[in-house]
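Read the structure below first, then the notes.
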(Lines give C-alpha, C1' and ligand atoms only; values in the text may rest on other atoms or scores of the structure.)
Protein backbone atom coordinates (compact mmCIF):
# COMPACT_ATOMS: atom_id res chain seq x y z
CA UNK A 1 0.00 0.00 0.00
CA UNK A 2 1.22 3.50 -0.81
CA UNK A 3 0.11 6.77 0.69
CA UNK A 4 0.51 10.51 0.98
CA UNK A 5 0.68 12.57 4.15
CA UNK A 6 -1.11 15.89 3.62
CA UNK A 7 -0.26 18.83 5.85
CA UNK A 8 -1.71 22.31 5.91
CA UNK A 9 0.63 25.28 5.57
CA UNK A 10 0.29 29.03 5.84
CA UNK A 11 3.38 29.58 3.65
CA UNK A 12 3.23 27.02 0.84
CA UNK A 13 5.89 28.54 -1.44
CA UNK A 14 8.44 28.89 1.38
CA UNK A 15 7.76 25.36 2.66
CA UNK A 16 7.99 23.81 -0.81
CA UNK A 17 11.26 25.67 -1.43
CA UNK A 18 12.70 24.33 1.86
CA UNK A 19 11.77 20.71 1.18
CA UNK A 20 12.99 20.90 -2.44
CA UNK A 21 16.20 22.90 -2.02
CA UNK A 22 17.34 21.68 1.38
CA UNK A 23 15.95 18.12 1.53
CA UNK A 24 16.13 17.21 -2.14
CA UNK A 25 12.46 16.33 -2.57
CA UNK A 26 10.92 16.83 -6.01
CA UNK A 27 7.62 18.41 -6.95
CA UNK A 28 5.58 15.41 -8.04
CA UNK A 29 2.10 16.93 -8.53
CA UNK A 30 0.93 20.56 -8.50
CA UNK A 31 -2.70 21.25 -7.68
CA UNK A 32 -4.59 24.50 -7.27
CA UNK A 33 -3.72 24.95 -3.60
CA UNK A 34 -1.58 21.87 -2.87
CA UNK A 35 1.92 20.82 -3.85
CA UNK A 36 2.78 17.13 -3.53
CA UNK A 37 6.47 16.34 -3.01
CA UNK A 38 8.22 13.02 -3.36
CA UNK A 39 11.58 11.52 -2.40
CA UNK A 40 12.00 7.75 -2.71
CA UNK A 41 9.02 6.27 -0.82
CA UNK A 42 8.13 9.44 1.14
CA UNK A 43 5.30 11.55 -0.31
CA UNK A 44 4.22 14.77 1.42
CA UNK A 45 1.46 17.13 0.30
CA UNK A 46 1.45 20.73 1.51
CA UNK A 47 -1.86 22.56 1.09
CA UNK A 48 -2.31 26.30 1.55
CA UNK A 49 -4.64 26.92 4.49
CA UNK A 50 -5.29 29.54 7.17
CA UNK A 51 -3.43 27.50 9.81
CA UNK A 52 -0.48 25.11 9.62
CA UNK A 53 -0.25 21.50 10.86
CA UNK A 54 2.93 21.45 12.92
CA UNK A 55 2.26 18.51 15.24
CA UNK A 56 3.99 15.15 14.97
CA UNK A 57 7.41 14.38 13.53
CA UNK A 58 8.45 13.80 9.92
CA UNK A 59 11.35 11.32 10.02
CA UNK A 60 13.90 10.89 7.25
CA UNK A 61 15.66 7.53 7.42
CA UNK A 62 19.33 7.03 6.49
CA UNK A 63 21.48 3.93 6.18
CA UNK A 64 24.56 5.05 8.14
CA UNK A 65 25.70 7.34 10.94
CA UNK A 66 27.84 9.18 8.38
CA UNK A 67 24.72 10.04 6.36
CA UNK A 68 22.99 11.36 9.49
CA UNK A 69 26.11 13.42 10.24
CA UNK A 70 26.06 14.81 6.68
CA UNK A 71 22.44 15.88 7.16
CA UNK A 72 23.34 17.50 10.46
CA UNK A 73 26.05 19.53 8.71
CA UNK A 74 23.41 20.77 6.24
CA UNK A 75 20.80 21.57 8.91
CA UNK A 76 22.95 22.68 11.85
CA UNK A 77 21.35 26.13 11.59
CA UNK A 78 17.89 24.72 12.39
CA UNK A 79 18.90 21.67 14.47
CA UNK A 80 17.76 21.11 18.05
CA UNK A 81 21.14 19.55 18.88
CA UNK A 82 23.89 17.34 17.51
CA UNK A 83 23.27 13.72 16.46
CA UNK A 84 23.22 11.24 19.30
CA UNK A 85 22.42 7.64 20.12
CA UNK A 86 19.03 6.91 21.65
CA UNK A 87 19.48 3.55 23.40
CA UNK A 88 15.77 3.04 24.09
CA UNK A 89 14.90 3.00 20.37
CA UNK A 90 18.36 1.90 19.13
CA UNK A 91 18.67 4.86 16.77
CA UNK A 92 21.26 7.51 15.92
CA UNK A 93 19.43 10.77 15.23
CA UNK A 94 18.88 14.49 15.59
CA UNK A 95 15.88 16.78 15.35
CA UNK A 96 15.53 19.92 13.28
CA UNK A 97 12.71 22.23 12.17
CA UNK A 98 11.25 23.48 8.93
CA UNK A 99 10.42 27.20 8.47
CA UNK A 100 6.94 26.79 10.00
CA UNK A 101 8.29 24.95 13.03
CA UNK A 102 7.43 21.35 12.08
CA UNK A 103 9.66 18.87 13.87
CA UNK A 104 11.82 16.87 11.49
CA UNK A 105 14.17 14.02 12.35
CA UNK A 106 17.14 12.46 10.59
CA UNK A 107 17.76 8.97 11.91
CA UNK A 108 19.42 5.63 11.43
CA UNK A 109 18.32 2.37 13.03
CA UNK A 110 21.41 0.96 14.76
CA UNK A 111 20.30 -2.65 14.35
CA UNK A 112 19.95 -2.47 10.56
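The table that follows gives values for the structure above.
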read-out	value
Checklist (1) exposed (fewer than 15 other Cβ atoms within 10 Å of the Cβ); (2) under 22 Å from residue 20 (Cβ atoms) applied to residue 89, failing item	(2)
Restricting segment 5-37 to residues that are surrounded by 14 or more Cβ atoms within 10 Å (Cβ to Cβ) and over 18 Å from residue 103 (Cα atoms), the residue that is nearest to the chain's Cα centre (by Cα)	36
Condition met for residue 44 (in a strand (DSSP E or B), touching a residue at least 24 places away in the same chain (Cβ under 8 Å) and touching a helix residue (DSSP H, G or I) at 6+ places or on another chain (Cβ under 9 Å))	yes
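One line per residue, one yes/no per condition, for (1) on the phi < 0 side of the Ramachandran plot; (2) touching a strand residue (DSSP E or B) at 6+ places or on another chain (Cβ under 6 Å); (3) at pLDDT 95 or above; (4) not in a helix (DSSP H, G or I):
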position: 13; (1), (2), (3), (4): yes, no, yes, no
position: 23; (1), (2), (3), (4): yes, no, yes, yes
position: 35; (1), (2), (3), (4): yes, yes, yes, yes
position: 50; (1), (2), (3), (4): yes, no, yes, yes
position: 55; (1), (2), (3), (4): yes, no, no, yes
position: 60; (1), (2), (3), (4): yes, yes, yes, yes
position: 71; (1), (2), (3), (4): yes, yes, yes, no
position: 76; (1), (2), (3), (4): yes, no, yes, no
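The values are calculated or read from the model by the stated rules, or taken from the named source; none is laboratory data. This structure is a prediction, so every number in the text was calculated from the model and none was measured. Counting neighbours? That spans all protein chains shown, and the Cβs are built from the backbone with ideal geometry, glycine included.
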